[in-house]
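**Q** To start, I am sharing the structure in question, which I have written as structure tokens.
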Number of protein chains: 4
Amino acid sequence: MKVAILGATGMVGQYLVSLLQGHPWFETEVLAASDRSAGKKYREAAHWIHPSQMPSGIGEMEVANSDVKSVEELGSPDIIFSCLPSDIAGGVEEEFASAGYPVFSKAANHRLEEDVPLIIPEVNPSHATLVDFQKEKRGWQGFITTDPNCSTTQLVLSLFPLVQFDLSKVMVTTMQALSGAGYPGVPSLDANANVIPFISKEEEKLESETLKLLGEFDGEKIIPAELKLSATCTRVPVQHGHLESVTVSLEAKPSLEEVKEAWASFEGEPLKLGLPSAVKPIRYREENDRPQPRLDCDEGNGMTIVLGRLRMDPILDYKYLCLGHNVVRGAAGEGILQAELFKAKGLI
Amino acid sequence: MKVAILGATGMVGQYLVSLLQGHPWFETEVLAASDRSAGKKYREAAHWIHPSQMPSGIGEMEVANSDVKSVEELGSPDIIFSCLPSDIAGGVEEEFASAGYPVFSKAANHRLEEDVPLIIPEVNPSHATLVDFQKEKRGWQGFITTDPNCSTTQLVLSLFPLVQFDLSKVMVTTMQALSGAGYPGVPSLDANANVIPFISKEEEKLESETLKLLGEFDGEKIIPAELKLSATCTRVPVQHGHLESVTVSLEAKPSLEEVKEAWASFEGEPLKLGLPSAVKPIRYREENDRPQPRLDCDEGNGMTIVLGRLRMDPILDYKYLCLGHNVVRGAAGEGILQAELFKAKGLI
Amino acid sequence: MKVAILGATGMVGQYLVSLLQGHPWFETEVLAASDRSAGKKYREAAHWIHPSQMPSGIGEMEVANSDVKSVEELGSPDIIFSCLPSDIAGGVEEEFASAGYPVFSKAANHRLEEDVPLIIPEVNPSHATLVDFQKEKRGWQGFITTDPNCSTTQLVLSLFPLVQFDLSKVMVTTMQALSGAGYPGVPSLDANANVIPFISKEEEKLESETLKLLGEFDGEKIIPAELKLSATCTRVPVQHGHLESVTVSLEAKPSLEEVKEAWASFEGEPLKLGLPSAVKPIRYREENDRPQPRLDCDEGNGMTIVLGRLRMDPILDYKYLCLGHNVVRGAAGEGILQAELFKAKGLI
Amino acid sequence: MKVAILGATGMVGQYLVSLLQGHPWFETEVLAASDRSAGKKYREAAHWIHPSQMPSGIGEMEVANSDVKSVEELGSPDIIFSCLPSDIAGGVEEEFASAGYPVFSKAANHRLEEDVPLIIPEVNPSHATLVDFQKEKRGWQGFITTDPNCSTTQLVLSLFPLVQFDLSKVMVTTMQALSGAGYPGVPSLDANANVIPFISKEEEKLESETLKLLGEFDGEKIIPAELKLSATCTRVPVQHGHLESVTVSLEAKPSLEEVKEAWASFEGEPLKLGLPSAVKPIRYREENDRPQPRLDCDEGNGMTIVLGRLRMDPILDYKYLCLGHNVVRGAAGEGILQAELFKAKGLI
């Protein structure tokens, strides 16, 4: 299937370009960005910051403007990945969906809309069919589906295997990596040897998206999970990998071993379906000083979250540390895995 | 009063040396350290890392061994500050106390002993008279009194004005500075662009010391506060200033304004007594991205903690961020303030 | 004298605002910035990043646009400090000078013009009178005078006492702090745990400005020094303080002690004139691991450069390390010292 | 061939363990360290800091003491890699060589001895046969051969293709990574957001080893190259990758293109011999802000050095930036490549 990437020059766009190189199902056909970049070669338009080299051939591709007409002049994609900034993503994604394209969006704009799926493939793959209602309701040939915010994805992956124990409360303090703010993102004068105890709208996203992700799909809409969630989000001078200090109440009071076993045995539908990007989603480490962002964020090609330090909590019930690669698991890799899921389910 | 500093060559010792320069009541008379340093000039024995220059005259002083006989050969101090590492502090501090010296200890060894005060001068100054019982019980002319662990001091300073609202639960995730581990402390290969989610024994100290600090002194012993406390401690690549994400239950359910007012109006006995090192102990900042370690840790010469982002919490009741200078408020400055308190109370 | 600051909301502008607080001669009267900030209160227009608190009263001042008319509506300044970005500084500074104002510019635009002084007060104070020719030639009542680039100022301060030994060649590799790029400046994703071996136009500035600074003023123009200079400039993840590895040829072949003595005895005209901001301009440290940016950049309130590790060089003759506070000595403090010099000389 | 690693628990030892995993010629058989580690399992003795996971099976191996008897009790190795610290490496390496083992040493102790090879396989592979003289002279069945210091290896790799242009002078200022100091190495309190302008003995090593590496082997000894070299070494807060600002005189005055062509066409004997670890030794990048340590140090699995910013120099002739992975190219990978060279030449 041929892919167009909207917002291809940004950081998440670059990770998509890299991850799609040599992908067995998807091939990058059109790279689109803002009108400032349109018409230039990708090599000139993008300030390449991905650690790997730019895939060969990509640098010479002409960049399209992020609208249907411009994209169709340069190719005929089957699916659209959107990494557009949220100030313009909303309308552009609707334009593509109404023009018949399946749009896999990394932007926050549509995540909480009633007829738009918000999906972690291992957690709520059944929500994918919500796009059928969306198409019908909106009268579109195409559709929009979305990924969660990066700090939400890894948290919910760690929580989902605990739902069976009657998960009722979640408190989280995050220590988020610089790359979570995109590029150019946080000025080095602010971030250098410092912690910034605020990330705009991040706490709200964590609290609202989690409820939708863990919610029930009744065939027409998602009924949010009943769950109390409290988040404090901070930025630390780390390149990649959000670290989260998580405390939860589990009404069924499992033993620590039962919790670890729930994580260890969790696989999710992507592995069962044999999706190309599927990995073991969770690794638990027994060392008392892990997970660490710099050492652990690349686990499972950045798609495996790493947990550690599970112990009893005297106020809620259990606490642990949770780490995930915010750009891979939390954005680019997540989007590709979702597209693979849709293809495997025959939705694209 | 003449002062001897045990462990004078370490980081906290250097801060004591600097803070005592020009102090109106105390004068550094003897610098003691391990036998590896004893006999050398202080300039040669100490790898000076304090940001200010070494006070004049200090560099040429001969370093004593950290035992009573060696210290008395070089001076006749009135009080002892001990910044010894905990593997040797216990016995040495007892030796000095039994020899008649008042010992102000920064080490953890004696903090939780029943007849040893653990004091934050603004929080529990009345606990100071516990030393009378200690002297009687142990048959000593001198005594040992202690400071809390650095991450505890700032937390409890922020909690104490809330006790009036029936404080019942405290959850905290810390992001602690490199200097909290002393010198040489954390290897740069571990800390650089990373977060280490574990600090040995730190969570236990936070949980146990807080109960004693907020406890009641019944005339003979401290009855620990009844309080549930849960701590997760991490290390971040920041020079000075521990940042803490704190969530609390206050059974009296004050308004956010009442909480802020409680902090704003809090002064504590040191200011009332006019102690030389006393400052306004708490500053609350309204900006949504403060406190930040690099910008705020020097507030009030490092003796004022800085709070911010107070807001309602859906699980417990309130949450906020708390920052303090771990070496000044959390160790050297704290020790001097406590000694000033003891002097003002006629205990030394 | 009343001062207007153009570009007052940027990082150098903030340092000027802070350094002018309580200044015995100068008082901040007008704060001007771009039209995006004009009309707002300074507190709202500026993202305050200076480590000290905003001086009281400053936050409530209304920001003017950076043109003569807007500034004159809000005050009647005697002198102008310009910290404008170089893309607009050129024209605006000329507008103010032609309107009769003495303009002290931190921008690069006019530095190399034949009739514009480029001044380090300790090095070439006599060049100041070039403004008389400028006024005559351009038919202005006011004038423009300039500071060097930050990496140049500290280098030339270290070189000037060596000119007596027939300085003929200078090679320098710089390791420059993040704040040298202003705010927001370098993205943290680029700078974090990295070195960037390129700073746009910096090497050219170092090479050309040095020759003018060390040049001879023949009464009408500056005859550039005859000197070979080679610079390589890099950016390191340090907050403040440019470190420079310098190698020089001195044809008179002084001993190492003679070189140190030349630095130690150097005072410069500002100290002799008793200018308020004058300090001992150079400190040499004998420790083999100094100067270090974080430990030494605040020496002499940031106005003293710190040198170290002087030793023989087998290719040229001598090598040493040179450190200066790029925002204070290299920009804001330097500008104030120059204005003091002009006032002391009766040029304003 | 079976390999014993002396100093296997340290950082370079860990990289050797990792790089030897799956090696076609060499297999790790014995892990030796100090008597503090001897007898423990490797997993317990080593604080594992390599970014990849410990190879399976390695963790359960018992650690030997670093002496012949202890090593022979746990295996019968064919070759010895020594990553011992220099305070003990000298004698231990001699013990193994005199007992008949070929010793590939990363330590500085024997590097400059007349009958000991100091080898970069691409630069001076012919020096390897010096071991025949060594064996004869010392009456040993085994021998000692050495790698250069990490900052030297990458510098000399960049210089060697320029020797044809009559290289006469080299000036270098290094910005070296934290891992160059081993583990625990530099305290984070010193390195965090700072530059330390001194590395003990590093400048001397750079200056002396380079002359031996580029020297002529007359059949009996190495005649050092005639070359003037001046080095200034600093430490920057970067994980891996030494960056060097290099200036050279080339008497033949080649064009910039000829210099680049000399680098581009350089291959060296390892590639010609098809050694398993051989890669293209040099990559030149045309971007003006490369090489950067974090982005470029893994080039060619860490065995390729990356050069950039070649330009004319007004004092010597040419200048450029040079980057290499100090632990791979500068230590562990280098040692393996040298052992491969010895095997291919029939010297082991």
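A short reminder: the numbers here are calculations on the coordinates, not readings from a lab. It should be emphasised that the depicted structure is a prediction, and the values quoted were computed from it without experimental measurement. Positions of Cβ are backbone-derived with ideal geometry, glycine not excepted, and every protein chain shown enters the neighbour counts.
**Q** Return C:I49, A:I119 ranked ascending by Cβ neighbour count within 10 Å, so the fewest neighbours appear first.
**A** Working: C:I49 16, A:I119 28.
Least to most surrounded, the residues fall as C:I49, A:I119.
**Q** Ok, one more. For each of A:I120, B:I199, count neighbouring Cβ atoms within 10 Å of the residue's Cβ, then give the residues from fewest to most.
**A** Working: A:I120 27, B:I199 21.
Ascending Cβ contact count within 10 Å gives the list B:I199, A:I120.
**Q** Let me ask another. As a footprinting exposure proxy, order C:F160, D:F198 by other Cβ within 10 Å, with the fewest listed first. The partial results should precede the final answer.
**A** Values: C:F160 22, D:F198 18.
Least crowded to most crowded, the residues run D:F198, C:F160.
**Q** Normalised by the residues of the range C:22-89, what does the relative contact order come to in percent, with Cα pairs under 8 Å and at least six apart? Show your work: numbers first, answer last.
**A** Working: 68 pairs, mean separation 25.3, N = 68.
37 percent.
**Q** Still on this structure, I have one more. Using +1 on the beta carbon of Lys and Arg, -1 on that of Asp and Glu, and nothing else charged, what's the dipole of chain A about the Cα centre, debye to 20?
**A** 620
**Q** Closest approach to the B-D rotation axis by any Cβ of B: residue and distance in angstrom?
**A** For the rotation taking chain B to chain D, the closest Cβ gives B:S188, 2.
**Q** Taking the Cα centre of the protein assembly as shown as origin, sum charge times position over the Cβ atoms of Lys and Arg (+1) and Asp and Glu (-1), and report the length of that vector in debye to the nearest 20.
**A** That gives a dipole near 0 debye.
**Q** Out of A:P293, A:P51, A:P85, any idea which swings most in a Gaussian network model of chain A, alpha carbons joined below 10 Å?
**A** It is A:P51.
**Q** Given Cβ point charges of +1 (Lys, Arg) and -1 (Asp, Glu) and nothing else, what value in debye, to the nearest 20, does the dipole of the range B:150-325 about its Cα centre take? Working shown, then result.
**A** On the way: 18 positive and 26 negative charges, 78 e Å.
The calculation lands at about 380 debye.
**Q** Once you sort the root eigenvalues of the Cα gyration tensor of the protein assembly as shown as a ≥ b ≥ c, which label holds: rounded (a/c under 1.5), prolate (a/b larger than b/c) or oblate (the other case)?
**A** In terms of gyration-tensor shape, rounded.
**Q** Restricting to bridges with both residues inside chain D, how much of the DSSP beta-bridge set is antiparallel, in percent to the nearest 5? Mind dumping the intermediate values first?
**A** Numbers: 24 of 56 bridges.
Once the DSSP bridges in chain D are tallied, antiparallel ones form about 45 percent.
**Q** Report the FRET efficiency, 1/(1 + (r/R0)^6), for A:M312 and A:M1, where r is their Cβ-Cβ distance and R0 is 35 Å, rounded to 0.05.
**A** Working from the Cβ atoms, E equals 0.15.
**Q** Still on this structure, I have one more. Say a label goes 7 Å from Cα toward Cβ at D:S76 in every copy; what distances in nm does this one have to the rest, shortest first?
**A** 7.1, 7.6, 10.2
**Q** Given an 8 Å cut-off on Cα distances and at least 6 residues of separation, report the relative contact order of chain A as a percent. Write out the running numbers ahead of the final one.
**A** Working: 798 pairs, mean separation 58.0, N = 348.
Relative contact order for chain A comes out at 17 percent.
**Q** Another question, then. What does the copy distance list look like for B:E114, label position 7 Å along Cα→Cβ, in nm and ordered from shortest?
**A** Ordered by distance, the counterparts are at 6.6, 7.7, 9.3 nm.
**Q** Report the relative contact order of the range A:131-228, percent, no decimals, based on alpha-carbon pairs under 8 angstrom and at least 6 residues apart.
**A** On the way: 59 pairs, mean separation 28.7, N = 98.
The value is 29 percent.
**Q** Additional query: Place +1 on the Cβ of every Lys and Arg and -1 on the Cβ of every Asp and Glu in chain A, take the dipole about the Cα centre, and give the residue among A:L6, A:S18, A:V131 whose Cα lies farthest towards its positive end.
**A** A:S18
**Q** Related question: What are the radius of gyration and Dmax of the range C:150-325, computed over its Cα atoms and given in Å?
**A** Radius of gyration, then largest Cα-Cα span, for the range C:150-325: 16.1, 50 Å.
**Q** Another question, then. What is the mean number of Cβ atoms from other protein chains located within 10 Å of the Cβ atom of each residue in peptide A:171-177, rounded to a whole number? List each step's numbers first, then the result.
**A** Values: counts 10, 2, 13, 2, 8, 0, 5.
Neighbouring Cβ atoms belonging to other protein chains average 6 per residue here.
**Q** To the nearest 500 deg cm²/dmol, what mean residue ellipticity at 222 nm is calculated for the protein assembly as shown from DSSP H runs of n ≥ 4 alone, each contributing -39,500 (n - 2.57), summed and divided by the residues?
**A** Values: 48 runs with 398 residues, N = 1392.
Calculated at 222 nm, the ellipticity per residue is -8000 deg cm²/dmol.
**Q** What value in Å³ per residue do you get for the convex hull of the alpha-carbon atoms in the range B:55-154?
**A** Numbers: hull volume 12.5 nm³, N = 100.
Considering the Cα atoms of the range B:55-154, their hull volume per residue is 125 Å³.
**Q** Shortest first and in nm to one decimal, what separations exist between C:K272 and its copies in the other chains, measuring from label points 7 Å along the Cα-to-beta-carbon line?
**A** 6.0, 6.7, 8.8
**Q** Rounded to two decimals, what ratio of Rg to Rh does chain D give with C-alpha atoms and a Kirkwood Rh? Mind dumping the intermediate values first?
**A** On the way: Rg = 19.5 Å, Rh = 20.3 Å.
Rg divided by Rh gives 0.96.
**Q** Still on this structure, I have one more. Taking 24 Å as the cut-off for C-alpha to C-alpha distance, list the pairs among A:K69/A:K135; C:K135/C:K228; C:K228/C:K345; C:K253/C:K319; C:K2/C:K343 that go past it. Show your work: numbers first, answer last.
**A** Values: A:K69/A:K135 21 Å; C:K135/C:K228 32 Å; C:K228/C:K345 32 Å; C:K253/C:K319 13 Å; C:K2/C:K343 13 Å.
Among A:K69/A:K135; C:K135/C:K228; C:K228/C:K345; C:K253/C:K319; C:K2/C:K343, the Cα-Cα distance tops 24 Å for C:K135/C:K228; C:K228/C:K345.
**Q** Sticking with this one: Treating cross-link reach as a plain straight distance, find the aspartates and glutamates whose alpha-carbon is under 12 Å from the alpha-carbon of D:K280, omitting any fewer than eight places away in the same chain.
**A** D:E122, D:E267, D:E269, D:E299
**Q** Distance from a point 7 Å along Cα→Cβ of D:E226 to each backbone N in the range D:126-169: keep the residues under 17 Å and list them by number.
**A** D:163-169
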